[in-house]
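To start, the structure under review is shown below, and the notes come after it.
The values are calculated or read from the model by the stated rules, or taken from the named source; none is laboratory data. As the structure is a computational prediction, the values presented were derived from the model and not from experiment. Because the Cβ atoms are built from the backbone with ideal geometry, glycine has one as well, and the counts that use them run over all protein chains shown.
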């Protein structure tokens, strides 16, 4: 085998190592994502189990099921990506195996020729005669070196044959393992697809049942909207009141009029730190799923109905504790009909609002830390054990999308 062929073989070995390393990284990433989706599905099962005590179909149950179906679809997509990755690895490995077999065959042929040549010229006397027949000392030295180099070359060829055979065997073992992993994933995908079909059938059944109760659902929706509007008015009144106090304080201190909350140096620092933690703030619940997002959007199943949410709705398990998402001071604690207890916490010129609570353990003026418990989520035993926390973030009188501020789960 010449130098070019040796270089090709070494490149194949190096490429195989790098590809294997890259494959391991990508596969590990996909497996981590898969575990996350499986964990989310397990949690939605837990939420659905809480509603099983009630035989009636509810919009709450439908929202949880829709979240589960979404996670199931993502899980199936993740499995498909992993199968595609394994297919690529199998294809590349098969190409490498063919190349290694061709190289091994060529190495063996060349080595056989060397052995045959060595056999024909095996007599030690002939080698000596060849060296002594040299015209001068330099030629004799070169002939001696030739025999030495030829011997070393034979040894290298033998080593290359052994290494190539070993590489080939390892590659064959590796491809069998990957094929087995692929078969497992194909079976897993099939199982997840069966679960998805079952969940979609359940979704369709609930949907049809709810559509037959459209008028009742619209009445309930109106009651919820009235409670939401009352909550918004109360929050806006609190912000306006604090702005008036800030303006009066500014006039009294000779600093001019102000229409916003006047910040102390400490408040400014808290505001700055709150902003710096955007997309990294902890969630108000340790576990939960978002069943209603910020802004205006079409009702999930009632056509022509648009719902508005000034924050997000987090569905969680019964008895879940609610936590402050950042250091701050409790501004207000009050009750609203249809929204139970609400806690507002100020973080400089930012406000966080936690609604639909019970057993609140803080009061206005209390200093709180990030992840400090402030109360417990309310569970509606008359509505399918629904446990939903309504969470909002404001910057003075401007509503912000909480999803853009909370850490990604």
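Points to keep in mind about this one:
- Test: residue in the range 238-260 that is closer than 30 Å to residue 58 by Cβ, surrounded by 13 or more Cβ atoms within 10 Å (Cβ to Cβ) and either at pLDDT 80 or above or touching a helix residue (DSSP H, G or I) at 6+ places or on another chain (Cβ under 7 Å) (or both): no
- Residues of the range 205-220 satisfying the condition of being modelled with pLDDT under 75 and farther than 15 Å from residue 299 by Cβ: 212
- Selected residue (only one of 355, 335 is assigned to a strand (DSSP E or B), in contact with a strand residue (DSSP E or B) (Cβ under 9 Å, 6 or more places away or on another chain) and without any contact (Cβ under 8 Å) to a residue 12 or more places away in the chain): 335
- Among all positions in the range 383-404, there is at least one residue which is over 16 Å from residue 288 (Cβ atoms), out of contact with any strand residue (DSSP E or B) (no Cβ under 7 Å at 6 or more places or on another chain), free of Cβ contacts under 8 Å to residues at least 24 places away in the same chain and surrounded by fewer than 18 Cβ atoms within 10 Å (Cβ to Cβ).
- Criterion (modelled with pLDDT of 80 or more, out of contact with any helix residue (DSSP H, G or I) (no Cβ under 6 Å at 6 or more places or on another chain), under 30 Å from residue 63 (Cα atoms) and surrounded by fewer than 13 Cβ atoms within 10 Å (Cβ to Cβ)) met by exactly one of 201, 176: 201
- Residue match in the range 182-195 (condition: under 30 Å from residue 383 (Cβ atoms), surrounded by 15 or more Cβ atoms within 10 Å (Cβ to Cβ) and touching a residue at least 12 places away in the same chain (Cβ under 8 Å)): yes
Here is a yes/no grid of residues against (1) buried (at least 20 other Cβ atoms within 10 Å of the Cβ); (2) more than 27 Å from the chain's Cα centre (by Cα):
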site	(1), (2)
295	no, no
303	no, yes
309	no, no
325	yes, no
354	yes, no
371	no, no
375	yes, yes
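- When residue 314 is tested against (1) out of contact with any helix residue (DSSP H, G or I) (no Cβ under 8 Å at 6 or more places or on another chain); (2) surrounded by fewer than 21 Cβ atoms within 10 Å (Cβ to Cβ), just one condition goes unmet, and that condition is (2).
- For the range 320-332, the tally of residues that are assigned to a strand (DSSP E or B) and more than 24 Å from residue 233 (Cβ to Cβ) stands at 2.
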